[in-house]
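J.: Just passing along the structure, written as structure tokens.
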Amino acid sequence: MGSMAGRECYHCKQWVQEREEHDCWTTTETALTQDLSGDLQDAWERLRETAVSFGDQRIYASHKSVMFSRSSCYFFVRPKRKFLEVCVFLGRTLKAPEVRRVDRASKSKVVHVIQIRHRDEVEAPITDWLREAYELSDVLTSNADKGRANSTPKARPKQNKAKVAPKSIAARKSGRR
């Protein structure tokens with residue numbers, strides 16, 4: 001039997017033919033972005049085109065986000081009514097006016113939340129950060145896996161807990177008076 005072009009769905013594990021619509025969670029990229037304003041639609045298209053230009057990756061809808069992933073997600077977009085919320089995973093903390101919030105995602109990853117309202121905002125430095133996240137994605141994931149594989153569980157010191165006999169109810173009551 002010849003090999004068929006396609007992929008296995010990340011969520012339901014069903015085989016999906018190449019270019020075939022698959023909607024196991026009733027969430028698609030189109031469904032998430034169809035109600036965006038014209039400016040946001042243009043910004044979304046430019047953001048997606050930029051990410052696709054980086055190279056091989058998976059782009060899929062999950063819940064209320066569109067995920068961009070190599071071996072793990074390197075950024076995702078939450079389409080909102082007034083902006084696109086772009087969450088970028090990097091190995092360092094950025095300090096820039098474009099970054100609205102920064103949170104630690106894991107020991108090796110820091111997530112940066114950026115709001116995009118117009119196509120013209122999808123340019124440097126944001127595109128540079130996306131490329132950096134794309135290139136670091138596999139490195140950070142493999143480093144995390146190595147750390148887990150090489151680490152050994154730490155032995156917990158034994159604790160000698162002195163057993164204290166519980167006070168009787170009568171003794172507790174008499175102590176209150």
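The values are calculated or read from the model by the stated rules, or taken from the named source; none is laboratory data. Computed from a predicted model, the values in this text were never measured in an experiment. Accessible surface is based on the protein model in full, side chains and every heavy atom, while ligands, DNA and RNA are left aside. Shrake-Rupley method; radii C 1.70, N 1.55, O 1.52, S 1.80 Å.
J.: Compute the distribution of all C-alpha to C-alpha distances in the stretch 1-141, in bins of 5 Å from 0, and list the percent of pairs in each, rounded to whole numbers.
T.: The percentages, shortest bin first, are 2, 10, 19, 21, 20, 15, 9, 3, 1, 1, 0, 0.
J.: How do Ser137, Ser37 rank by accessible surface area computed with a 1.4 Å probe, from largest to smallest? Please list the in-between numbers first.
T.: Values: Ser137 5, Ser37 60 Å².
Ranked from most to least accessible, the order is Ser37, Ser137.
J.: What is the set of long-range amide H partners of Ala61 at a cut-off below 5 Å, with H atoms built 1.01 Å from backbone N?
T.: Glu29, Met67
J.: Tabulate in residue order the Karplus-calculated ³J(HN,Hα) for the stretch 61-78, using 6.51 cos²θ - 1.76 cosθ + 1.60 with θ = phi - 60°, rounded to whole Hz; enter x for Gly and Pro.
T.: 8, 8, 6, 10, 10, 10, 9, 10, 9, 9, 7, 9, 5, 9, 6, 9, 10, 10
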